[in-house]
Amino acid sequence: LQVEHNSLLNRIMSVSLQKIAVGDSQKATVGVEIIGEPESVRNGLGMLATLLHELEVRALPEKMVANITIDTANMQVGDSIRAGDIVLPEGFEMLTNAEALIVSVQMSMSAAGAHKAAMAASDKELVA
């Protein structure tokens, strides 16, 4: 069902319906639900970056889900999850590019600054 509105006139301009045959899979956009918190994020060393909030999939209409859940609890700084890494429910096909980055754990700014300072101090010790 697709409804086109005219916001100036506050009217429905058109309604489109699609006939779905029994047994035909359909393309759909599903949300990405992130659960869990990596330890590095909890302790301030990491930052969780969610880059993709929706995925394109194909499945039978009766099997379709609203969200795909991704657990990030075991991720470490430098880890990432791409669309191709996701294990989909049975009967689903991933249409989003397999290389599309969904979520990653990056070093926090404060941790990166501390790391850079430690590296500089280490370099000075090697020179001395």
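The values are calculated or read from the model by the stated rules, or taken from the named source; none is laboratory data. It should be emphasised that the depicted structure is a prediction, and the values quoted were computed from it without experimental measurement. Reconstructed Cβ throughout: ideal geometry from the backbone, glycine too, with neighbour counts over all protein chains shown. All accessible areas refer to the heavy atoms of the entire protein, side chains included, with ligands and DNA or RNA removed. Shrake-Rupley method; radii C 1.70, N 1.55, O 1.52, S 1.80 Å.
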Report every pair of residues separated by at least 6 positions or lying on different chains whose Cβ atoms are under 6 Å apart, first residue within region 8-36 and touching a residue at least 40 places away in the same chain (Cβ under 8 Å), second part of a loop (DSSP other than H, G, I, E, B).
Ser25/Leu60; Val32/His53; Ile34/Thr72
Scan region 40-49 residue by residue and report those that are open to solvent by 50 Å² or more (accessible area, probe 1.4 Å) and either part of a strand (DSSP E or B) or in contact (Cβ under 8 Å) with a residue 12 or more places away in the chain (or both).
Leu45, Met47, Leu48
Applying the selection to region 6-22, what residues are of a type outside the set (A, V, I, L, M), at pLDDT 80 or above and either within 24 Å of Val57 (Cα to Cα) or open to solvent by 60 Å² or more (accessible area, probe 1.4 Å) (or both)?
Ser7, Asn10, Arg11
For region 60-72, state whether one or more residues are free of Cβ contacts under 8 Å to residues at least 24 places away in the same chain, within 21 Å of Ala98 (Cβ to Cβ) and not in a strand (DSSP E or B).
no
Taking Glu62, is it open to solvent by 90 Å² or more (accessible area, probe 1.4 Å), in contact with a Ser or Thr (Cβ under 6 Å, 6 or more places away or on another chain) and at pLDDT below 95?
no
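Among what's in region 23-39 and is charged (D, E, K, R) and in a strand (DSSP E or B), pick the residue that is most open to solvent (accessible area, probe 1.4 Å).
Checking each candidate, the answer is Lys27.
So, in region 38-95, how many residues would count as being within 20 Å of Ala28 (Cα to Cα) and either out of contact with any strand residue (DSSP E or B) (no Cβ under 9 Å at 6 or more places or on another chain) or not aromatic (Phe, Trp, Tyr) (or both)?
Here the count works out to 33.
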